[in-house]
Amino acid sequence: MIMGRTFDGQLLDCFEMGVSNYKGIGDYQGVDKKRMGSKPMFLFVGDSWEQDASFRKLQNLLIDWFRGEPVDK
């Protein structure tokens, strides 16, 4: 999977990640579907997320990518 972000037609940063043990939405029977306006929760555990520059950039990209619409409450 490749994720990246652009600004003014220029690629700012890009990450290529491997996906293993993929499960589709159909594999989660009995689980409520995502609702409009809901936001995911991320938990970044481990020293690498604070110490490694690549991990910090990836953390920033993931938070930016899944940010969603601003909410008042």
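The ranking of Glu69, Glu50 by Cβ neighbour count inside 10 Å, starting from the fewest, reads Glu69, Glu50. Here the stretch 20-42 is scanned for amide nitrogen atoms under 14 Å from the site 7 Å beyond the Cα of Phe66 along Cα-to-Cβ, giving 34-35, 38-42. Partner lysines whose Cα lies under 29 Å from the Cα of Lys73, excluding those fewer than 8 positions away in the same chain, are identified as Lys33, Lys34, Lys39, Lys57.
For the chain, the longest principal axis of the alpha carbon atoms and the long axis of helix 53-65 meet at an angle near 40°. The H on the amide N of Asp13, modeled in the peptide plane, is under 5 Å from the matching H of Arg5, each at least 5 residues off or on a different chain.
With the helix formula -39500 (n - 2.57) applied to DSSP H stretches of n ≥ 4, the chain reaches a computed 222 nm mean residue ellipticity of -6500 deg cm²/dmol. Subtracting the Cα-Cα distance of Met41 and Asp27 from their residue separation scaled by 0.36 nm leaves 3.0 nm. Using Cα-Cα distances under 8 Å and only pairs 6 or more residues apart, what relative contact order does the chain have, in percent? 23 percent. Label sites at Asp13 and Met1, each approximated as a point 7 angstrom past Cα along Cα to Cβ, lie 1.7 nm apart. Taking only the Cα atoms of the chain, the ratio Rg/Rh comes out at 1.01, with Rh defined as the Kirkwood radius. Taking the fewest neighbouring Cβ atoms within 10 Å as the starting point, the ordered list for Leu43, Leu12, Leu62 is Leu43, Leu12, Leu62.
No lab work stands behind these numbers, since they all come straight from the coordinates. Values in this document were obtained by computation on a predicted structure and should not be read as measured data. Cβ atoms come from the backbone with ideal geometry, glycine included; neighbour counts cover every protein chain shown.
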